[in-house]
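Each value in this text was obtained by applying a stated rule to the coordinates, not by laboratory testing. Bear in mind the structure is a predicted one, so any value in this text is a computation, not a measurement. Note that we place each Cβ from the backbone using ideal geometry, even for glycine, and neighbour counts take in every protein chain shown.
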There are 2 protein chains.
Amino acid sequence: MIHPQHIAEKSDSHCPHDKKVSCGDCRLNTICLPISFHIEDIDRVNQIIQRSKPLQKGEYLFRANETFSSVYAIRSGAVKSLTISQNGNEQVTGFYLPGELVGMDGLADNCYTNSVIALETASICEIPFNRLEELSLKVPSLQRHIFQLMSREITQEQQVIALLSKSNAEARIASLLLSISGRNRRRNLSTNKFLLPMSRTDIGNFLGLTIETVSRVLTRLKKSNVLSVDKKEITINDMSALQQLAKGTE
Amino acid sequence: MIHPQHIAEKSDSHCPHDKKVSCGDCRLNTICLPISFHIEDIDRVNQIIQRSKPLQKGEYLFRANETFSSVYAIRSGAVKSLTISQNGNEQVTGFYLPGELVGMDGLADNCYTNSVIALETASICEIPFNRLEELSLKVPSLQRHIFQLMSREITQEQQVIALLSKSNAEARIASLLLSISGRNRRRNLSTNKFLLPMSRTDIGNFLGLTIETVSRVLTRLKKSNVLSVDKKEITINDMSALQQLAKGTE
DNA sequence: CAAACTATTTGACTAAAATCAACTATTTAC
DNA sequence: GTAAATAGTTGATTTTAGTCAAATAGTTTG
């Protein structure tokens, strides 16, 4: 079995030439752009996209309540989105990996409802939304593509809702790991060995569990040989057992 | 304080003339349609919308895995959306009230990921998506409106994610009640007295709680005089206490 | 390099919600 | 109108995850 992991990791990571990569050359364009897209259309999209210098870990991409202007495609690295709940606590609402879009929540009321923070060094494409909107009036397949991207965000969040309604901690953590694994498949990365970009605290916050529970569940899964856990490196040793756990015991 | 509740309830409920109501006359059009919309544009939308006979309680609007064709606006009544999780159990992913849209999850992969079932008799406008798509290429404010509707779906689901990550049962139930209360405000219905359209089982399933816990929490809130609960009729006696509970104790 | 800080793990104990079980109220079907 | 089925409530007990506390590992800073 071929593992194009190393090649992929290399082009995923930030390098000084990153900024010059056009959409036509970007490895992720099958995710970002409509499949049936003419060269000239790719070029039109390419022209409106802004590539700024990469975010460092902990830096904000944007903050909740700022005026909405752009959506952002993650090109490398990872980010988390979070809202400040009524009681003033942070609530992590999602993790976004390369090829995924953040900021689409900002459209509804013309301001972002989430803050987005880099979990590690991340290079990001900024897509000014009013220009994307204009272009999509002229290019029907682009309009459809944006609809689909937003729809996918909706379905993925529904999956998170289903995940969080699951009763037990093991099922939640197993589901999160499987989600990351599945998203790696799309990027031709290894599905059974990867680095978690987020801390245990972030995982716990996202899944509605305490950090202690996250730690204990990971230890348990390690002891039962379903996973190997070395700091942030996760190896899924028994995929079907993990899938079974994700289903919950009920 | 004026309560336009009775009038509203009346025009919300199904009556034999419902089918003839055009978008221009529909009480909910400020929710469904862009605000800055010309008469002729309203008419164009009106022409593509199909109004079928109302769904009875328990009937399906559509089922998961069916080919995507339309989005649906709830005109009266209420529906729930649900996915069948891996273990074969139903997972309620949302409740939809008049003026709200369902089916937008179907776009991503051209098939619905949820089934939608009427919680009570519901009249519904069917909006064939390919015709809406065509029209929105010609009417920029409509395209923007659809983007916004989808964005709102995303933000609302993020709120559900935040709600479910909350630790305790009281906070979840308080949040759900406040959500319904807030959605009633938009429709000019009473914010502190309403009928729950869904069963305790549906609430439990949605919130990741057992039916017993739902029942006990409602009893507790009744005893502490925050709510009056009479079967499905909820009266919020102490709104600020409920808001406090929704924040969680943490 | 050591000190300070942060992240993670582990253990003992507690609290909250699940489970199991019985019962009551409400709705549906005949 | 009564029986059967469904929905909801309440109580006793168990399980799970949370809380509190302490230790360890890893990272950052001067």
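Annotations for the structure displayed:
- Hits in segment B:231-250 - residues which are in contact (Cβ under 8 Å) with a residue 40 or more places away in the chain, crowded, with 16+ Cβ neighbours inside 10 Å and more than 21 Å from residue B:215 (Cβ to Cβ): B:247
- Tally of residues being among the hydroxyl-bearing types (Ser, Thr, Tyr) and touching a residue at least 24 places away in the same chain (Cβ under 8 Å) across segment B:206-215: 1
- Failed item in (1) within 11 Å of DNA strand D (Cβ to nearest atom); (2) assigned to a helix (DSSP H, G or I); (3) among the small types (Gly, Ala, Ser), with residue A:248 passing the rest: (2)
- Filter pass, residue A:187 being within 9 Å of DNA strand C (Cβ to nearest atom) and surrounded by 15 or more Cβ atoms within 10 Å (Cβ to Cβ): no
- The set of residues in segment A:83-108 that are touching a residue at least 40 places away in the same chain (Cβ under 8 Å) and either more than 10 Å from chain B (Cβ to nearest Cβ) or under 25 Å from residue B:244 (Cα atoms) (or both) comprises A:90, A:91, A:92, A:93, A:95, A:97, A:98, A:99, A:100, A:101, A:102.
- Taking the criterion of being touching a residue at least 40 places away in the same chain (Cβ under 8 Å) and assigned to a helix (DSSP H, G or I), the residues of segment A:21-68 that qualify are A:31, A:32, A:41, A:44, A:45, A:48.
- The residues of segment A:198-212 that are near DNA strand C (Cβ under 9 Å from one of its atoms), closer than 16 Å to residue A:175 by Cβ and within 11 Å of another protein chain (Cβ to nearest Cβ) amount to a single one, A:204.
- Candidate set from segment B:231-242 (those that are assigned to a helix (DSSP H, G or I) and in contact with a Ser or Thr (Cβ under 9 Å, 6 or more places away or on another chain)); member that is nearest to DNA strand D (Cβ to nearest atom): B:242
- Qualifying residue in segment A:203-210 (condition: crowded, with 19+ Cβ neighbours inside 10 Å, at positive phi, of a type outside the set (S, T, N, Q) and part of a loop (DSSP other than H, G, I, E, B)): yes
- Residue, surrounded by the fewest Cβ atoms within 10 Å (Cβ to Cβ), within segment A:166-184, restricted to residues that are within 12 Å of DNA strand D (Cβ to nearest atom) and not polar (S, T, N, Q): A:169
- The lone exception for residue B:213 - which of (1) over 15 Å from the mean Cα position of the chain (by Cα); (2) in a helix (DSSP H, G or I); (3) more than 9 Å from DNA strand D (Cβ to nearest atom); (4) not charged (D, E, K, R) it fails: (3)
- Residues (in a loop (DSSP other than H, G, I, E, B) and facing another protein chain (nearest Cβ under 10 Å)) located in segment B:109-146: B:109, B:110, B:112, B:113, B:114, B:139
- Cross-chain or 6+ apart pairs with Cβ under 9 Å, segment A:167-179 first and more than 12 Å from every other protein chain (Cβ to nearest Cβ) and among the acidic types (Asp, Glu), then in a helix (DSSP H, G or I) and within 13 Å of DNA strand C (Cβ to nearest atom): A:170/A:217; A:170/A:220; A:170/A:221
- Residue within segment B:83-93 that is on the phi > 0 side of the Ramachandran plot and touching a strand residue (DSSP E or B) at 6+ places or on another chain (Cβ under 7 Å) present: no
- Residues (farther than 23 Å from residue A:163 by Cα and within 16 Å of the chain's Cα centre (by Cα)) located in segment B:62-94: B:71, B:72, B:73, B:74, B:75, B:76, B:77, B:78
- Any pair with Cβ under 6 angstrom, 6 or more apart, that starts in segment A:216-230 at a residue that is away from every other protein chain (no Cβ under 14 Å) and in a helix (DSSP H, G or I) and ends at one that is among the aromatic types (Phe, Trp, Tyr) and near DNA strand C (Cβ under 9 Å from one of its atoms): none
- Considering residues of segment B:185-197 that are more than 16 Å from DNA strand D (Cβ to nearest atom) and not hydrophobic (A, V, I, L, M, F, W, C) only, the residue nearest to the other protein chains (Cβ to nearest Cβ): B:186
- Among the residues here, residue B:155 qualifies as within 9 Å of chain A (Cβ to nearest Cβ) and part of a helix (DSSP H, G or I).
- Tallying residues that are more than 17 Å from the chain's Cα centre (by Cα), under 16 Å from residue B:91 (Cα atoms) and aliphatic (A, V, I, L, M) within segment A:149-182 yields 3.
- Residues that are outside any strand (DSSP E or B) and closer than 24 Å to residue B:25 by Cα, drawn from segment B:75-102: B:77, B:78, B:97, B:98, B:99, B:100
- Whichever residue in segment A:55-79 is surrounded by 16 or more Cβ atoms within 10 Å (Cβ to Cβ) and of a type in the set (Val, Ile, Thr) and, among such residues, is nearest to DNA strand C (Cβ to nearest atom): A:79
- Restricting segment B:95-124 to residues that are farther than 17 Å from residue B:56 by Cβ, surrounded by 21 or more Cβ atoms within 10 Å (Cβ to Cβ) and small (Gly, Ala, Ser) leaves a set whose member that is nearest to the chain's Cα centre (by Cα) is B:103.
- Of the residues making up segment A:100-132, those that are of a type outside the set (Val, Ile, Thr) and in contact with a strand residue (DSSP E or B) (Cβ under 7 Å, 6 or more places away or on another chain) number 17.
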